[in-house]
Amino acid sequence: MSLASELLGRWAPIMRSVELTSSSSGTYDIYLDGQRVFSKKAAGRFPKPGEVAGLFEKKLGPALEWRGKST
């Protein structure tokens with residue numbers, strides 16, 4: 001599962017926007033509703049598994065159960 005799919009799957013109904021930016025110069029930034037929540041340059045590394053979801057949870061609250069469950 002991609003990072004974008006994971007984040008959208010958890011919080012899509014309450015996010016205004018999510019943006020993942022990268023470039024050949026080493027930029028890797030993640031923005032939530034226009035605010036940067038992770039920067040590879042500032043951290044000196046790529047995010048660890050689950051780290052970005054944890055940052056989103058701090059801003060948006062626990063993941064939502066917004067998708068219908070299969071029966």
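Can you name every residue in the stretch 8-39 that is of a type in the set (A, V, I, L, M, F, W, C), in contact (Cβ under 8 Å) with a residue 40 or more places away in the chain and surrounded by fewer than 15 Cβ atoms within 10 Å (Cβ to Cβ)?
Initial filter on the stretch 8-39 (of a type in the set (A, V, I, L, M, F, W, C)): 8, 11-12, 14-15, 18, 20, 30, 32, 37-38.
After this cut, where a residue has to be in contact (Cβ under 8 Å) with a residue 40 or more places away in the chain as well, the list is 11-12, 14-15.
The answer is A12, I14.
Kindly indicate the residue of the stretch 40-60 that is part of a loop (DSSP other than H, G, I, E, B) and in contact (Cβ under 8 Å) with a residue 12 or more places away in the chain and also nearest to A12 (Cα to Cα) among those meeting that condition. Full working, then the answer.
The initial filter retains those residues of the stretch 40-60 that are part of a loop (DSSP other than H, G, I, E, B), namely 44-50.
Retained after the next criterion (residues that are in contact (Cβ under 8 Å) with a residue 12 or more places away in the chain): 46-47.
Values: F46: 23, P47: 21 Å.
Going through the qualifying residues, I end up with P47.
Taking the stretch 15-37, which residues are in contact with an Asp or Glu (Cβ under 7 Å, 6 or more places away or on another chain) and either farther than 19 Å from S2 by Cβ or not in a loop (DSSP other than H, G, I, E, B) (or both)?
Listed by number, the residues that qualify are R16, T21, Y31, R36.
Bear in mind that the values in this text are calculations on the coordinates, not laboratory data. Since we're looking at a predicted model, the values are computed, not measured. FYI the Cβ positions are ideal-geometry reconstructions off the backbone, even for glycines, and counts take in every protein chain you see.
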